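Chemist: Can you read through this structure? Questions will come right after.
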Amino acid sequence: MAKAQPYQPSLLRFLHGISASLGIGAIVTAALTYNTYDGRWGRLPLPPIADIEGLHGTFGLFFLVMLLPLALYSFYLGSHRLLSIAALRQLGNQQAGQTWRSLHRLANTLMLLAAGLAVVSGRQIKEEWLPAGEFHHVWYSVHLAAWVVMVLCLGLHVAAALRSGGWPLIRSMLSWQVRSSDRPQAWWSQVQGIWRRS
């Protein structure tokens, strides 16, 4: 029997969609920047890309702008999608897919934290470091580590979404369908609900 397609709030889909697009752009341009300038742990046989560092910085800046509202949404309206003590306890529970749902929450939480660390550390990196071969700076190492965690969490995020909700969950995040009570005009009242609950 096919799973019914769940409904995702339109504000979540909007923030998630834009943030995911910018985040993937930042991840890809980070890999190309690493490949162009660093390559200490392996390099793809690609030609150097002019101003790839600037393109990566642009993606990173726009990602930072979208990460702030996504993080606020996630920690308040979407907190049930993040890691909690109850979710940690369910990691060993194989019944009804609880383990994959808990792993999904873990991936969501770690990805938000790694993304925050990536944008903060990225803002500390000087443009002249990589062209000069200065890979020893702490902020660059932190930025690389955050990038690796984001890539791993992205893989876990997609795998856990498929295992816990299947294609219906994926389609619900990509759907353009909006309920009449969930149109963009209702977003402000949803945000105001944060302060009413706190």
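Chemist: Per-residue accessible area for E134 at 1.4 Å probe radius, Å² rounded to 10?
Modeler: Counting only protein heavy atoms, the figure is 60 Å².
Chemist: Please arrange W139, W41, W187, W167 by accessible surface area, largest first, computed with a 1.4 Å probe and ligands excluded.
Modeler: The residues order as W41, W167, W139, W187, largest area first.
Chemist: Of the candidates H56, H80, H143, which one comes out as most mobile in a Gaussian network treatment of the chain with C-alpha springs shorter than 10 Å?
Modeler: Judging by the Gaussian network model, the answer is H80.
Chemist: Run through the range 1-75 and list the trypsin sites (Lys or Arg not before Pro) located in a DSSP loop whose Cβ has at most 10 other Cβ atoms within 10 Å.
Modeler: Details: sites: K3, R13, R40, R43; in loops: K3, R40, R43.
Filter output for the range 1-75: K3, R40.
Chemist: Please report the spacing between the Cα centers of the range 23-43 and the range 108-151 in Å, no decimals.
Modeler: 11 Å
Chemist: Taking the Cα centre of the chain as origin, work out the dipole magnitude from +1 charges on Lys and Arg Cβ and -1 charges on Asp and Glu Cβ, in debye rounded to 20.
Modeler: Numbers: 16 positive and 7 negative charges, 230 e Å.
Here the chain has a charge dipole of around 1100 debye.
Chemist: Could you do me a favour and compute the accessible area per residue for the range 1-64, 1.4 Å probe, result in Å²? Before the final figure, lay out the partial values.
Modeler: Values: 3660 Å² over 64 residues.
Heavy-atom SASA per residue in the range 1-64 reads 57 Å².
Chemist: Could you tell me how many degrees, from 0 to 90 and to the nearest 10, lie between the Cα long axis of helix 138-164 and the main elongation axis, the longest principal axis, of the Cα atoms of the chain?
Modeler: Its long axis makes an angle of about 30 degrees.
Chemist: Given the rule -39500 (n - 2.57) for each run of at least 4 DSSP H residues, summed and divided by the residues of the chain, what is its mean residue ellipticity at 222 nm, to the nearest 500 deg cm²/dmol?
Modeler: The helix contribution divided over the chain gives -22500 deg cm²/dmol.
Chemist: Non-local amide H neighbours of L83 (under 5 Å, H modeled in plane, Pro and chain starts lacking H): which ones?
Modeler: T109
Chemist: Could you quote the convex hull projected area for the range 130-198, Cα atoms only and averaged over all directions, in nm²? Write out the running numbers ahead of the final one.
Modeler: On the way: hull surface 36.1 nm².
Its Cα hull, projected and averaged over all orientations, spans 9.0 nm².
Chemist: I need to check one value: relative contact order of the chain, counting alpha carbon pairs closer than 8 Å and at least 6 residues apart, in percent. Intermediate values should be presented prior to the final figure.
Modeler: On the way: 181 pairs, mean separation 53.1, N = 198.
The value is 27 percent.
Chemist: Still on this structure: Only one of the listed values, [x] 11.3; [y] 9.5; [z] 14.1, was derived from the coordinates as mean projected area of the Cα convex hull in nm²; which label is it?
Modeler: Identified label for the calculated read-out: [z].
Chemist: For the range 29-160, give the percent of accessible area contributed by carbon and sulfur heavy atoms, probe 1.4 Å, rounded to a whole number.
Modeler: 69 percent
The values are calculated or read from the model by the stated rules, or taken from the named source; none is laboratory data. All figures in this text were calculated on a predicted structure; none of them were measured in a lab. Every residue, glycine as well, gets a Cβ built from its backbone with ideal geometry; the counts of neighbours run over all protein chains shown. Protein only, heavy atoms only, side chains kept; ligands, DNA and RNA dropped before computing areas. Shrake-Rupley method; radii C 1.70, N 1.55, O 1.52, S 1.80 Å.
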